[in-house]
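Some notes on the structure that comes next.
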Amino acid sequence: MYRIESKIDTLSEEFKKNKEDYLHLLNQYKKILREIKKGGSPHAIEKHKERGKLLVRERIDLLIDANTPFMELSPLASYNQYDNQFPSAGIVTGIGVIHGRETIIIANDATVKGGTYIKESIKKHIRAQEVAMENHLPCVYLVDSGGVFLPEQANVFPDKYHFGRFFFNQAQMSAMGLPQISIVMGSCTAGGAYVPAMSDETIIVKNQGTIFIGGPPLVKAATGEVVTAEELGGADVHTAISGVSDHFAVNDVHAIQICRNIFETLKFKEKTNLEILEPEEPFYDPEELYGIAPIDLKKPVDSREIIARMVDGSKFHEFKARYAPTLVTGFAHIMGFPVGIIANNGVLFSETALKGAHFVELCTSRNTPILFLQNITGFIVGKQYEHGGIARDGAKFVHAVANANVPKFTVVFGGSFGAGNYAMAGRAFDPRFLFMWPNAKISVMGGEQAANVLITVKEDQLKAKGQTLSGEERDKLYQSIIKNYDDEGSAYFSTSRLWDDGIIDPVNTRKMIAMGIATSLNKKYTDTKYGVFRM
Ligand code: COA
């Protein structure tokens, strides 16, 4: 493979200015992340510690193998919603390595409203189970939760992908042969009691963990029986009397050790084998991405410059380099793992879509994971292109991406607008992971286009009634639409609602994708079967 020849002048004013602006964005993001990772209020944290409990991220640190990273998913879930009372939506999820085995960890943060569930906590929990199923991973639940956050019950309880889905998934995961271990480190009430009860093995911590279908107040109200939480469903009860739990732990550290011991007894399943090379750092420094990543989305960026700072040795075997240049396709390695890359380099035309579909076929026939690098304003519009059948050709690309059965990974490094988002493996297309850079933007179209479309519609309506918009009204409408799109299009808005798996530092992209591919190897890649491509 040849090394990409960068054309970026890292000494230019443009590069320096972009880097300065980017670092400002990045530091803002890191500051928010640091705050969020503290968890609940200082008072709640103090109360938690006084009870002899470890904080949620301390628990995870102890659970995973020493000196291995924890790939946390969606840490900014629910950010800027609910008056910011739910840092990380009160639940920490991600992939950690336990006894050498990639494992999904789902851990309640009891310092955040007693670890109760709002809409975003539910989405995180279900998304983590989905990751376990897609990649065939074992799952550890660190349970410390008051169940549903009752004021939000309508957004949390009844629907298909609400609280009940946890248990449906647990049953399905169990049938798939995915080991599930629960450590009950705090409250585990009502429906929540099924998390440990449906696990393969359950550990409960003395004087801390409780499991019951109805807590003491409910029991009193329903039957008049007066009972303490410990008598009703504490560690002693469940390990000696009810058998709901299998292992008695004296504290958090002991419980985590028991869980690690259980992992020593698990059987490893068959894995996918890829030809993995010795990892190599990119020839071009990944930190140069700060000087290149598009902050102003109107400025075109050659996506080869992004790829050069992401892949091993900056080496890239480009496919159809001279054809349909607004989509860059080719093969490379990331930390030794082979990957096919599809990166936007402008608007999608008919021939671009065909090139994309062809390249997806190459990747699936070679069993190679695909990395989509999104910076896309959408498909080309206009009479000439509609007459040329852009919708027909775009559909082929969308078909190919949807049915490609190799693991797909998506990183939005710029804009993600319109149907381009779909063709480039947006969230609806089940990429194994989807990450945003802090500068990334996502919406059905750009704010200016949306404002112009809506104003045209409005003016047409008024014209039919013989009215017009005044210049001032037009201006006001325009500005309000732009502002709305700016707010709703930001990476923070997206990540708060789990439209992605998290915002990441561009420099870490390599690491995240490599971890994603390593994780995907736990499940055999299945063959791809395409449907009907309209010709
Ligand atoms: N819904 C809404 N809010 C809840 C809640 C619930 N189910 N459970 C706890 N909270 C809130 C509390 O109001 C409190 O809010 P605040 O910080 O604004 O004051 C916060 O969470 C912490 O609760 P607190 O009781 O002070 O903490 P704790 O650590 O002593 O106890 C629980 C935590 C979860 C054990 C306890 O609050 C409890 O038993 N909750 C009810 C659980 C239940 O019956 N759930 C059934 C729903 S399916």
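The values are calculated or read from the model by the stated rules, or taken from the named source; none is laboratory data. These numbers were taken from a predicted model, which means no experiment stands behind them. Ideal geometry is used to build each Cβ from the backbone, glycine not excepted, and the neighbour counts take in all protein chains shown. To get the accessible areas, we keep the full protein, side chains included, count just its heavy atoms, and leave off ligands, DNA and RNA. Shrake-Rupley method; radii C 1.70, N 1.55, O 1.52, S 1.80 Å.
For the range 90-109, enumerate the residues that are under 19 Å from PHE149 (Cα atoms) and either part of a helix (DSSP H, G or I) or in contact with a Leu (Cβ under 9 Å, 6 or more places away or on another chain) (or both).
Going residue by residue through the range 90-109, those that are under 19 Å from PHE149 (Cα atoms) are 90-93, 106-109.
Answer for the range 90-109, where residues must be under 19 Å from PHE149 (Cα atoms) and either part of a helix (DSSP H, G or I) or in contact with a Leu (Cβ under 9 Å, 6 or more places away or on another chain) (or both): GLY90, VAL92, THR93, ILE106, ALA107, ASN108, ASP109.
Anything in the range 394-449 that is part of a helix (DSSP H, G or I) and open to solvent by less than 10 Å² (accessible area, probe 1.4 Å)? List them, or say none. Reasoning before the result, please.
As a first pass, look at the range 394-449 and keep what is part of a helix (DSSP H, G or I): 394-403, 419-423, 427-429, 447-449.
Answer for the range 394-449, where residues must be part of a helix (DSSP H, G or I) and open to solvent by less than 10 Å² (accessible area, probe 1.4 Å): GLY394, PHE397, ALA400, VAL401, GLY420, ALA423.
Say we look at the range 147-182 and pick out the residues that are small (Gly, Ala, Ser), surrounded by 14 or more Cβ atoms within 10 Å (Cβ to Cβ) and not in a helix (DSSP H, G or I); which of these is modelled with the lowest pLDDT? Explain how you work it out, then say what you get.
Residues of the range 147-182 that are small (Gly, Ala, Ser), as a first pass: 147, 154, 164, 171, 174-175, 177, 182.
Restricting the remaining residues to those that are surrounded by 14 or more Cβ atoms within 10 Å (Cβ to Cβ) gives 147, 164, 174, 182.
Still in the running and not in a helix (DSSP H, G or I): 147, 182.
Numbers: GLY147: 93, SER182: 98.
Result: GLY147.
How many residues, within the range 10-57, are within 16 Å of the ligand (Cβ to nearest atom) and out of contact with any Leu (no Cβ under 8 Å at 6 or more places or on another chain)?
Total meeting the criteria: 13.
Looking only at the range 513-520, decide whether some residue is open to solvent by 10 Å² or more (accessible area, probe 1.4 Å), modelled with pLDDT of 95 or more and under 28 Å from GLU281 (Cβ atoms).
yes
Within the set of pairs 6 or more residues apart or between chains, which connect a residue that is of a type in the set (Lys, Arg) inside the range 35-60 to a residue that is more than 12 Å from the ligand (Cβ to nearest atom) and not in a helix (DSSP H, G or I) with Cβ atoms less than 6 Å apart?
ARG59/LEU142
What number goes with the only condition from (1) touching a helix residue (DSSP H, G or I) at 6+ places or on another chain (Cβ under 9 Å); (2) of a type outside the set (A, V, I, L, M, F, W, C); (3) at positive phi that TYR161 does not pass?
Exception for TYR161: condition (3).
Does THR228 count as polar (S, T, N, Q), open to solvent by less than 10 Å² (accessible area, probe 1.4 Å), more than 14 Å from HIS125 (Cβ to Cβ) and away from the ligand (no atom under 12 Å from the Cβ)?
Considered against the rule, which asks whether it is polar (S, T, N, Q), open to solvent by less than 10 Å² (accessible area, probe 1.4 Å), more than 14 Å from HIS125 (Cβ to Cβ) and away from the ligand (no atom under 12 Å from the Cβ), THR228 comes out as no.
Quick test of your reading of the structure: LEU142 fulfils all but one of (1) open to solvent by less than 40 Å² (accessible area, probe 1.4 Å); (2) within 16 Å of the ligand (Cβ to nearest atom); (3) over 21 Å from the mean Cα position of the chain (by Cα). Name the failing condition by number.
Single failed check for LEU142: (3).
Looking at the range 11-18, can you tell me whether even one residue there is under 20 Å from VAL253 (Cα atoms) and of a type in the set (Phe, Trp, Tyr)?
No; the residues of the range 11-18 include none that is under 20 Å from VAL253 (Cα atoms) and of a type in the set (Phe, Trp, Tyr).
Among the residues of the range 483-512, count how many are at pLDDT 95 or above and more than 27 Å from GLY90 (Cα to Cα).
2
Here's the yes/no breakdown for (1) closer than 18 Å to SER496 by Cα; (2) within 13 Å of the ligand (Cβ to nearest atom); (3) of a type in the set (D, E, K, R); (4) open to solvent by 40 Å² or more (accessible area, probe 1.4 Å):
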position	(1), (2), (3), (4)
ARG59	no, no, yes, no
ALA89	yes, no, no, no
THR93	yes, no, no, no
ASN108	yes, yes, no, no
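Within the range 114-139, count every residue that is open to solvent by less than 10 Å² (accessible area, probe 1.4 Å), away from the ligand (no atom under 16 Å from the Cβ) and assigned to a helix (DSSP H, G or I).
6
Could you tell me which residue of the range 246-282 is most open to solvent (accessible area, probe 1.4 Å), considering only residues that are closer than 16 Å to HIS99 by Cα and assigned to a loop (DSSP other than H, G, I, E, B)?
Restricting to residues being closer than 16 Å to HIS99 by Cα and assigned to a loop (DSSP other than H, G, I, E, B), the top hit is LYS267.
For every residue, the table says whether it meets (1) open to solvent by 30 Å² or more (accessible area, probe 1.4 Å); (2) of a type outside the set (D, E, K, R); (3) farther than 24 Å from ILE203 by Cβ.
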| site | (1), (2), (3) |
| --- | --- |
| LYS30 | yes, no, yes |
| HIS43 | yes, yes, yes |
| LYS47 | yes, no, no |
| LEU63 | no, yes, no |
| MET71 | no, yes, no |
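Would you tally the residues in the range 9-24 being over 31 Å from the mean Cα position of the chain (by Cα) and under 13 Å from ARG309 (Cβ atoms)?
1
Go through the range 205-243 residue by residue and tally those that are in contact with a Pro (Cβ under 7 Å, 6 or more places away or on another chain) and closer than 12 Å to ALA193 by Cβ. Spell out how you get there, then give the answer.
Taking the range 205-243 and keeping what is in contact with a Pro (Cβ under 7 Å, 6 or more places away or on another chain), we get 211, 227-229, 232.
Applying the additional criterion that residues be closer than 12 Å to ALA193 by Cβ yields 211, 232.
Residues that pass the stated criteria total 2.
Please give the number of the condition ASN80 fails out of (1) of a type outside the set (Gly, Ala, Ser); (2) closer than 23 Å to VAL140 by Cα; (3) open to solvent by 90 Å² or more (accessible area, probe 1.4 Å); (4) more than 16 Å from the ligand (Cβ to nearest atom).
Here ASN80 clears every test but (2).
Condition first: open to solvent by 50 Å² or more (accessible area, probe 1.4 Å), closer than 23 Å to ARG59 by Cα and more than 16 Å from the ligand (Cβ to nearest atom). Can you find one or more residues in the range 206-223 that meet it?
The answer is yes; a qualifying residue exists.
Restricting to helices (runs of 4 or more DSSP H) lying wholly in the range 461-535: which have 3 or more residues that are in contact with a helix residue (DSSP H, G or I) (Cβ under 7 Å, 6 or more places away or on another chain)?
471-488, 509-520
May I ask you to list the residues in the range 183-194 that are open to solvent by less than 30 Å² (accessible area, probe 1.4 Å), in a strand (DSSP E or B) and either near the ligand (Cβ under 10 Å from one of its atoms) or touching a Pro at 6+ places or on another chain (Cβ under 6 Å) (or both)?
Keep residues of the range 183-194 that are open to solvent by less than 30 Å² (accessible area, probe 1.4 Å), which gives 183-186, 188, 191-193.
Filter again for in a strand (DSSP E or B), leaving 183-186, 188.
Residues satisfying the conditions are VAL184, GLY186, CYS188.
Mind checking whether some residue in the range 272-294 is in contact (Cβ under 8 Å) with a residue 40 or more places away in the chain and within 16 Å of the ligand (Cβ to nearest atom)?
Scanning the range 272-294 turns up no residue that is in contact (Cβ under 8 Å) with a residue 40 or more places away in the chain and within 16 Å of the ligand (Cβ to nearest atom).
So GLY243 clears everything in (1) open to solvent by less than 40 Å² (accessible area, probe 1.4 Å); (2) over 27 Å from the mean Cα position of the chain (by Cα) except one condition, right? Which one?
(1)
Restricted to the range 1-15, and to residues that are more than 18 Å from GLU287 (Cβ to Cβ) and of a type outside the set (D, E, K, R), which residue is most open to solvent (accessible area, probe 1.4 Å)?
TYR2
Consider GLU361 carefully, then state whether it is open to solvent by 40 Å² or more (accessible area, probe 1.4 Å) and either touching a His at 6+ places or on another chain (Cβ under 7 Å) or part of a strand (DSSP E or B) (or both).
Considered against the rule, which asks whether it is open to solvent by 40 Å² or more (accessible area, probe 1.4 Å) and either touching a His at 6+ places or on another chain (Cβ under 7 Å) or part of a strand (DSSP E or B) (or both), GLU361 comes out as no.
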